[in-house]
Amino acid sequence: MNNSWLQSLNEQQRQAVLKTDGPLLILAGAGSGKTTVLVSRTGYILSQSLAKPQEVLVLTFTNKAAKELKERVSHKLGADSKKVWAGTFHGWGLEFLKKNYKLAGLPQRFGLLDATDARSLIKDLLKERQHHAKASFDVELLQSILSNQRAGKSVSPKIDESYLDMADWLLPAYISKMHSLGLIDFDGLILKPIELLKENPDLAASYKQRYKYIMVDEFQDTNKTQMDLVMSICNSQQNLAVVGDDDQSIYGWRGAEIQNILGFPKLFKNCEVVRLETNYRSTPQILEMANSIINRNDERHKKQLVPNPSANSGPLPEVFIYDNEEMECEEVNHLILDYHKKGIPFKDIAILFRSNSQGTLLEGYLKRNNIAYDMTGGPALIDRKEVRDVLAYIRTAISPNDIALRRILNVPSRGIGDTSIHKLIDFQKAHELSFYASIRKWSQTEIPEKTGGEINKFLDLINDFKSQLLNSPYRYEQLLPKFFANIGYQEYVQKSYKDKATAQRKWQLVEILGRILDSFVERSGKNEKTIREFIETLELRDSDDDKEEQSDKVQLLTLHASKGLEYPIVILMGVDEGLLPHENLGHNIAEERRLFYVGVTRAKNELLLTRSRKRKRYGKWRDISPSRFLCEVPDSLITTHDSGYRPLSDNQRSSLLENLYKKLDKDIKARQEV
């Protein structure tokens, strides 16, 4: 069949594209071209008129992946194909609730409550329960328990009963508080649509009729509620294709259910399974080691990575053993510098490790050797305090909610202290008002005139800011820094950090946010709707969109952060028992082995693994054993350097001797001349 979407695909990839009827599980091994298959399958369905663009739904885990798919399809089929709905589960839930806000009991312009603000809400509720005021609770743990309860998941029996009691009290109060504030949290973006689809058969039927084809990317990372959502909108034709790799399921600790992908063929009796096993990334030597690692896991879909027929051969993966962790860090630096001397850019080298704490010691050595590096997996743009402050101002000006307003009412300080805020909250509760409405009626409370005057100034400031946001001729990258400097926020930021350079970097985030808002406005026009969409996009926190263009720096990543990435040279540090599997975090050995496999399969050309005979724990040196996963790899598949150094080749040895003799001759000549 001559179709442009099938060109350059291998036989298995073609099979995955051509199978358009009924349920399909595409097992996409590491580096097997799953994105190409997803794009080609979408394009093929549209080109064959099997569905209109708006009848195709593609659920991904990042907006970046969805954007790439839509761009590649529309490049061939034209702008109309952009009507394909491609985006994250939370993004779909948000759009669903916007259309069905009345049914959900939400105001038309409801707000999003992200994880940080959700914790603040939980803290406020805890304070309200007077007899627990002195009790100390881990708010993040309570948040996790609430999330599990709402999703119908069982809670670990190890959790203290006092937490379970508190969670039982908190849950209805938390949901009620969100409802009264006109907010929905991230869990609700998926749970609420499921609830509405279940309770409203006509609504469910309309969505099932709308989507003729559903595809889910990274299916191994889905949790129970995401699977429930997919099943709620899948029609009787069951044209559901899921793409993923159970061997790369590494997020069990945050709720991912590997059984979703393992049990998919049993869930659908006529399910077809296509295995993408040709790897277009790594050398045959790296793949052979990867296969030997993952084949040790019992509960998995059987598959074997095979090299692309035109793949270049490479060296065996190398294992470097050092006496202690300080020597390990020092010698890793030397390895990086040696590669750099050979003309390999720093950005082509990635250093992977199991936990962030391993990177701390290494960073010191990199700085000492003036090696530029980037640490991936730091806070996303939305997690930075300054960004959240500015967003709260924009939110309050355009579409206020109580959480945003309370955040900025006294930031920077304008003399509206906690006592006044608590009086406003009491007034709000007594009169069943929003916080925004209550501050407008401050004169009816016991707040002093001076404080009330500051509240009036604040309200005028917000009105003026709204006018500037919508009507100013300036670009936002100029407008935002100017406005926030004028209200004293720049001075507030500068006083918050002792180091001037840090303060300046934090202040620059205001300008960066302005640039992002400019790009939104250029695409969609300068209006309230665009600005609300800008806020929602950032609050949905797709961290992939925050990354700047990569400069020439060595990449430092945890194994979890490395998933989906690839590098010519990978140095996997700390392949020791206690680190991999991790002694505290690695209770699921099969998942830890998958994590090791993910790290190994990031390497394209060369793979180096390091381990240490001794590591310092609580101030004392401890003997450390090699990782059980490393011990499982046959000796024939790796080259081990017990001394921590590669042996010199004959040419290198001759060159060193020649340089030594030249130096000796020079020294002798210098002494003779004296």
Just to check your reading of the model, which residue among E11, E68, E55 is over 26 Å from E536 (Cα atoms) and either buried (at least 23 other Cβ atoms within 10 Å of the Cβ) or of a type in the set (D, E) (or both)? E11
Taking region 437-465 and keeping residues in a helix (DSSP H, G or I) and among the charged types (D, E, K, R) leaves R440, E449, K450, E454, K457, D460, D464
Can you say whether L405 is part of a helix (DSSP H, G or I), under 31 Å from the mean Cα position of the chain (by Cα) and free of Cβ contacts under 8 Å to residues at least 60 places away in the same chain, as far as the supplied structure shows? yes
When you scan region 171-189, do you find a residue that is more than 22 Å from the chain's Cα centre (by Cα), at positive phi and either assigned to a helix (DSSP H, G or I) or surrounded by 13 or more Cβ atoms within 10 Å (Cβ to Cβ) (or both), even just one? yes
Scope region 1-18; condition in contact with a strand residue (DSSP E or B) (Cβ under 6 Å, 6 or more places away or on another chain) and over 12 Å from V243 (Cβ atoms); matching residues: N10, Q12, Q15
Quick one: in region 136-161, of everything that is touching a residue at least 40 places away in the same chain (Cβ under 8 Å) and outside any helix (DSSP H, G or I), which residue is surrounded by the fewest Cβ atoms within 10 Å (Cβ to Cβ)? G152
The residue from T396, T376 that alone is touching a residue at least 40 places away in the same chain (Cβ under 8 Å), touching a helix residue (DSSP H, G or I) at 6+ places or on another chain (Cβ under 9 Å) and open to solvent by 10 Å² or more (accessible area, probe 1.4 Å) is T376
Matching residues, region 466-481, being closer than 21 Å to N527 by Cβ and part of a helix (DSSP H, G or I): K466, S467, Q468, L469, L470, N471, Y476, E477, Q478, L479, L480
Contact list, first residue from region 311-331 and in contact (Cβ under 8 Å) with a residue 40 or more places away in the chain, second anywhere and open to solvent by less than 20 Å² (accessible area, probe 1.4 Å) and among the acidic types (D, E), beta-carbon distance below 7 Å, six or more apart or interchain, is Y322/E328
Limited to region 177-226, what total is found for residues that are among the small types (G, A, S) and more than 25 Å from D114 (Cβ to Cβ)? 3
If S562 passes every condition in (1) surrounded by fewer than 17 Cβ atoms within 10 Å (Cβ to Cβ); (2) of a type in the set (G, A, S); (3) in contact with a Lys or Arg (Cβ under 7 Å, 6 or more places away or on another chain) but one, which one does it miss? (1)
Filter region 239-276 down to the residues that are charged (D, E, K, R), outside any strand (DSSP E or B) and crowded, with 17+ Cβ neighbours inside 10 Å, then identify the one that is modelled with the lowest pLDDT. E257
Evaluate region 604-623: report whether one residue or more is part of a loop (DSSP other than H, G, I, E, B) and modelled with pLDDT of 95 or more. no
Here the residues within region 305-326 that are crowded, with 17+ Cβ neighbours inside 10 Å and not in a loop (DSSP other than H, G, I, E, B) are P307, E318, V319, F320, I321, Y322, E325
Consider E491 carefully, then state whether it is open to solvent by less than 90 Å² (accessible area, probe 1.4 Å) and part of a helix (DSSP H, G or I). no
Of all the residues that make up region 633-657, how many are assigned to a helix (DSSP H, G or I), open to solvent by 100 Å² or more (accessible area, probe 1.4 Å) and modelled with pLDDT of 70 or more? 1
Filter result (within 21 Å of the chain's Cα centre (by Cα) and farther than 13 Å from L362 by Cβ) within region 554-569: L559, H560, A561, S562, K563, G564, L565, E566, Y567
Of those in region 75-105 that are open to solvent by less than 40 Å² (accessible area, probe 1.4 Å) and at pLDDT below 85, the residue nearest to A256 (Cα to Cα) is S81
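Within region 21-36, how many residues are of a type in the set (V, I, T) and at pLDDT below 95?
The qualifying residues number 2.
The values are calculated or read from the model by the stated rules, or taken from the named source; none is laboratory data. None of these values were measured; they are calculated from a predicted model. Backbone-built Cβ (ideal geometry, glycine too); neighbour counts: all protein chains shown. What goes into the accessible areas is simple: the full protein's heavy atoms, side chains included, and nothing from ligands, DNA or RNA. Shrake-Rupley method; radii C 1.70, N 1.55, O 1.52, S 1.80 Å.
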